[in-house]
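Heads up: the structure comes next, in structure tokens.
The values are calculated or read from the model by the stated rules, or taken from the named source; none is laboratory data. Just so it is clear, the model here is predicted, and its values are computed rather than measured. Every residue, glycine among them, receives a Cβ derived from its backbone with ideal geometry; neighbour counts consider all protein chains shown.
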Amino acid sequence: MTEEIVIQEGFKAITVNNTSEEKFTFLKEVETTFIQLHFCVNCDSSLFFNEHYSLNIKETKSILLYNPKQKLPINLTIQPKGKHLILIVSIKVFHSFFSKIAGLIHFLNDENKDKKYYLDKELAPSEVLILNQIFKGQINSSLHDLYLKGKVYELLSLYFNKNEEDAQGCPFLDDEDNVEKIKKAKQIVINNMAEPPTLNEIANEISLSVSKLKEGFKHIYGDTVFNFLLDYKLEFARKLLVSKKHNITEISNQIGYSTASHFISAFKKKYGTTPKQYMMSL
């Protein structure tokens, strides 16, 4: 099942939802003046360019493609039950979005405007959340297009927001050592998500003050330590639900909720559905 919606002139979004038990192939011509962004929501997808070359897009990964000198028609194969979002944006429209920050986006620089560009990116939990909202399809039909347009713009703004690599040039993070300490803090939080240490404990372990830990974490990962942890835990839980190897109580315990009801409430707040309803929809 595919749906194509015009976000604005020169900008289209295409949702591809393979509800069948077989692989699905989607084909579309794309002009050289357009940028393609591919978001794999669940189940791996593959882009084929000829019989000798293809790109695999893993679950919760994205790919950006731009080649002003050669057409890149879309030949996309999606696994059974897979969901995939495609954004097709003209370079002119794209420039209008980011004209004020063109220096931060490599292929918008004047020296690169006629060069091909490729970006393979892991999606942040906040981006995965928006993608899941786009595919929920539980919006009143009269508001569906407006809702989808808003979510696409939101996704695009997050996608090109300063990421971890950009943050290394931030004045606050004055040396690579601080960056490595913040990365270590993130790993500590992930490794102990069921029983996370306090901010003081994390700060002591990485040899930073609590204020520098909080500010540095916000610069690099775009969120507070514990908001990041909440997103990570719930996305981890979602993947466990997809595997169908654990029940809701087991998942709740594994990610550190004292009761299943607290987990269910948090999951519904993030994804708009209960864990049980989510499992039934898979």
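Key figures
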quantity	calculated
The one condition in (1) surrounded by fewer than 16 Cβ atoms within 10 Å (Cβ to Cβ); (2) of a type in the set (A, V, I, L, M); (3) modelled with pLDDT of 90 or more that residue 139 fails to fulfil	(3)
Selected residue (only one of 224, 198, 249 is β-branched (Val, Ile, Thr), loosely packed, with under 12 Cβ neighbours inside 10 Å and at pLDDT 85 or above)	198
Filter result (out of contact with any strand residue (DSSP E or B) (no Cβ under 9 Å at 6 or more places or on another chain) and aliphatic (A, V, I, L, M)) within the stretch 220-243	220, 225, 229, 230, 234, 237, 240, 241
Looking only at the stretch 120-130, and only at residues there that are modelled with pLDDT of 80 or more and touching a Leu at 6+ places or on another chain (Cβ under 6 Å), the one that is surrounded by the most Cβ atoms within 10 Å (Cβ to Cβ)	130
Test: residue 93 is among the aliphatic types (A, V, I, L, M) and more than 24 Å from residue 122 (Cβ to Cβ)	yes
In the stretch 53-77, residue nearest to residue 31 (Cα to Cα) [restricted to those that are surrounded by fewer than 16 Cβ atoms within 10 Å (Cβ to Cβ) and under 21 Å from the mean Cα position of the chain (by Cα)]	55
Hits in the stretch 187-208 (condition: under 28 Å from residue 41 (Cα atoms) and either in a helix (DSSP H, G or I) or of a type in the set (D, E, K, R) (or both))	187, 188, 189, 190, 191
